[in-house]
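Participant: Below are the structure tokens for one structure; questions will follow.
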Amino acid sequence: MTPSVSPQDVNAIRISKVSKQYGDYQVLKDIDAEVARGEVVVICGPSGSGKSTLIRTINRLEEINSGAISFDGQNIHAPMKTRDLNQLRSRIGFVFQNFNLFPHLSVVDNVSMSPVRVKGVARDIAHDKALLLLDRVGLVDKANAYPGQLSGGQQQRVAIARALAMEPPVMLFDEPTSALDPEMVGEVLAVMKSLAADGMTMLCVTHEMGFARDVADRIWFIDAGQIIEMATPEEFFTNPRHPRAQRFLADLRH
Amino acid sequence: MINDIVAIFHDYWLLLLIGQYPNGPLGGLANTLILSALSIALAFPLSILLALARLSKWPFLRWPVTVLVYVTRGVPLLMLILWSYFLVPLLTGADVPSFVTMLTTLVVYQAAFLSEVVRAGIVALGHGQMEAAKALGHGYFGAMRFVILPQALYNMIPSILSTFVSTIKDTTLGYVINVPDLTFAASQVNNQLLTQPFQVFLILAVIYYAICWSLTHVAYRLERRITRRRAGLNGVRAATVIAPVKIISEQL
């Protein structure tokens, strides 16, 4: 089954009227947004604002109550066979805050397992590809180590390589540096920067404002389940329009 | 006393080893080992299926298995054995060999217990691993097979081992429905000698201990190998130089 991709559609992801609630609590309110191909979007906002929930709805790790999220022209929240959902998910890279590497597999097996088991890539080809990806994140010498032997920053870089191994056109990052010691944040951001430079479509929830300023094409500021500001980093950092965004930036400077 | 034991061994070793085979059914230690091995080999995969059913989101899978587990846990094994021994032929009219009755009962009983161990192992892993697998495009069964179960089963080795050991010991209950196992053979010996029950049953205890100890030892070795591999100590001889690897089953 090949997804119907209209070449003129410049959007990799289109979020339309997405709402989600837990009981009475409205986590996401009528969110409308698009991510263009090759665009790097940084989502920021105060904690509890719905940033992580939003990014997790994009590969349907969270269900939504209404609305649609289309990825390559297909609504990922439409009723569909589990197989089709898995197929869609395999083309959306996801990097977790807590890395979630598979501790029972070596680093290279972490990276090569899913191409073999999900896409049916031959084992030796997947292995070689994994080594290339590990080289790209600077960890080829750790190929035979186990996740438990790596630092947090190294684990997160392996997690990025693992997501890249599925050759996704889009990568989602859910606070990829929040669980790291400060001295390890830089190495992960450097990998993300190089991905952005290669033209990867990226959506990142992060508190790293330096990264947002340098790498993002656009910033979405989210508060109480709504995107209240969408702006270029230039506009956002020098002249935020919404008072909540102004306060957020002021708090960051302290 | 030692002499008595040696004499019993000398006179009856073949009966204890294979029962009355080839003049009768295979029995003795051989049959105990076969019954134990088959019980474990069948109960283990069944327990994984039961655990997955218990964790299923479909009530029609979850409920029957939950009932089975609760009933099995709440009834003594001996009751179950007697039930299946007397009721199955009564209800079906089929002449079921006592070995098959024993095997089936033991498999269902131990699988129910083991399924709770497996379920606990899966639940204890948390959501992160399943989410990571899903995000990479794995289906439920792929995620279970390649991500969740290898970790959950490894973490539960000590509890799984305990259940295996108790399976071996529970084969002795086959005695009450005339399954010709080691216990049955020992009691035949005892009936012939009449005056040396202590010696006969000491032999029996030592043999069971040896079997269970061997299994524990094998599992311990297996666990140690996996732990060392995951700690990256592959091929490292002087493990003492590095922090000693923690083996859970040592605490048993």
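Participant: Partner chain Cβ atoms within 10 Å, averaged over the residues of A:112-118 - can you pull that number for me?
Facilitator: 5
Participant: Turning to a different aspect of this structure: Out of A:Asp217, A:Asp141, A:Asp32, any idea which swings most in a Gaussian network model of chain A, alpha carbons joined below 10 Å?
Facilitator: Evaluated over chain A, the most mobile residue of the options is A:Asp141.
Participant: While we're here: Give me the percent of accessible area attributable to carbon and sulfur for chain A, probe 1.4 angstrom.
Facilitator: 48
Participant: Could you order A:Lys193, A:Lys51 by accessible surface area, starting with the largest, using a probe radius of 1.4 Å? Could you put the intermediate results ahead of the total?
Facilitator: Working: A:Lys193 85, A:Lys51 10 Å².
Greatest to least solvent exposure: A:Lys193, A:Lys51.
Participant: While we're looking at this one, here's another question. Per residue, how much accessible area does chain B have with a 1.4 Å probe, in Å²? Each step should come with its number before you reach the end.
Facilitator: Working: 13520 Å² over 252 residues.
Value for chain B: 54 Å² per residue.
Participant: Points 7 angstrom from Cα along the Cβ direction at B:Lys169 and B:Ile226: gap in nanometres?
Facilitator: 2.3
Participant: Now a separate question. How crowded by other chains is A:54-66, given as the mean number of beta carbons from other chains within 10 Å of each beta carbon?
Facilitator: Taking all residues of A:54-66 together, the mean is 1.
Participant: Between A:Arg123 and B:Phe86, what is the label-point separation in nm under the 7 Å Cα-to-beta-carbon projection?
Facilitator: Between B:Phe86 and A:Arg123, the simple spin-label model gives 5.4 nm.
Participant: Students often check this: by mean Cβ neighbours within 10 Å, which of A:147-153, B:8-14, A:203-209, B:165-171 ranks highest, and how do the rest follow?
Facilitator: Values: A:147-153: 17.1, B:8-14: 13.9, A:203-209: 21.9, B:165-171: 19.4.
The densest-packed peptide leads the list: A:203-209, B:165-171, A:147-153, B:8-14.
Participant: Roughly what % of DSSP beta bridges within the protein assembly as shown run antiparallel, to the nearest 5?
Facilitator: Values: 21 of 38 bridges.
The antiparallel fraction comes to roughly 55 percent.
Participant: Also: Distance check, please: which entries in A:Lys119/B:Lys134; A:Lys129/A:Lys193; A:Lys29/A:Lys51 exceed 18 angstrom between their Cα atoms?
Facilitator: A:Lys129/A:Lys193
Participant: Here's another thing I want to ask about it. How large is the accessible surface per residue of chain A, computed with a 1.4 Å probe and reported in Å² as a whole number?
Facilitator: Normalised by residue count, the accessible surface of chain A is 43 Å².
Participant: Got a number for the accessible area of A:Lys20? Probe 1.4 Å, square angstrom, nearest 10.
Facilitator: That residue has around 20 Å² of solvent-accessible surface.
Participant: Then there's this: By DSSP, what percent of the beta bridges with both residues in region A:99-254 are antiparallel, rounded to the nearest 5? Spell out each step's value before the answer.
Facilitator: On the way: 5 of 10 bridges.
DSSP beta bridges in region A:99-254 are roughly 50 percent antiparallel.
Participant: How far apart, in nm, are two points set 7 Å out from the Cα along the Cα-to-Cβ line at B:Val100 and at A:Leu132?
Facilitator: About 5.8 nm, to one decimal.
Participant: Relative to the longest principal axis of the C-alpha atoms of chain A, give the angle of the C-alpha long axis of helix A:123-136, reported between 0 and 90° and rounded to the nearest 10°.
Facilitator: Approximately 50 degrees, to the nearest 10.
Participant: Using only protein heavy atoms and a 1.4 angstrom probe, determine the accessible area buried between A and B, summed over both sides, in Å² to the nearest 100.
Facilitator: In total, chains A and B hide about 1900 Å² from solvent.
Participant: Just from its helices, what would the mean residue ellipticity at 222 nm be for chain B, if runs of 4 or more DSSP H residues each count -39500 (n - 2.57) and the sum is divided by every residue, rounded to the nearest 500 deg cm²/dmol?
Facilitator: The helix-only estimate for chain B comes to -24500 deg cm²/dmol at 222 nm.
Participant: Could you look at region B:2-240 and say what percent of its accessible area is carbon and sulfur, using a 1.4 Å probe and all protein chains?
Facilitator: 69
Participant: For region A:164-237 and region B:75-147, what is the separation of their Cα centres, given in Å?
Facilitator: Result: 46 Å between the Cα centres.
Participant: With a cut-off of 19 Å, note down the residues of region A:124-162 whose backbone N falls inside the zone around a label point 7 Å from the Cα of A:Asp181 toward its beta carbon.
Facilitator: A:139, A:142, A:146-159
Participant: I would also like to ask the following. For B:Thr183, A:Thr232, give the ranking by accessible area with the largest first, probe 1.4 Å.
Facilitator: Ranked list, largest accessible area first: A:Thr232, B:Thr183.
Participant: Can you give me the angle between helix B:2-18 and the longest principal axis of chain B, using Cα atoms only, in degrees from 0 to 90, rounded to the nearest 10?
Facilitator: Its long axis makes an angle of about 70 degrees.
Participant: If you don't mind, there's one more thing I want to ask. So what's the angle, to the nearest 10 degrees on a 0 to 90 scale, between helix B:197-230 and the longest Cα principal axis of chain B?
Facilitator: For helix B:197-230, the angle is close to 20 degrees.
Participant: Moving to a separate point now. Express in whole angstrom the spacing between the alpha-carbon centres of region B:164-204 and region A:97-131.
Facilitator: 52
The values are calculated or read from the model by the stated rules, or taken from the named source; none is laboratory data. Predicted model, so just to flag it, every value in this text is computed and none were measured. Ideal geometry is used to build each Cβ from the backbone, glycine not excepted, and the neighbour counts take in all protein chains shown. Accessible surface areas use protein heavy atoms only, side chains included; no ligands, DNA or RNA. Shrake-Rupley method; radii C 1.70, N 1.55, O 1.52, S 1.80 Å.
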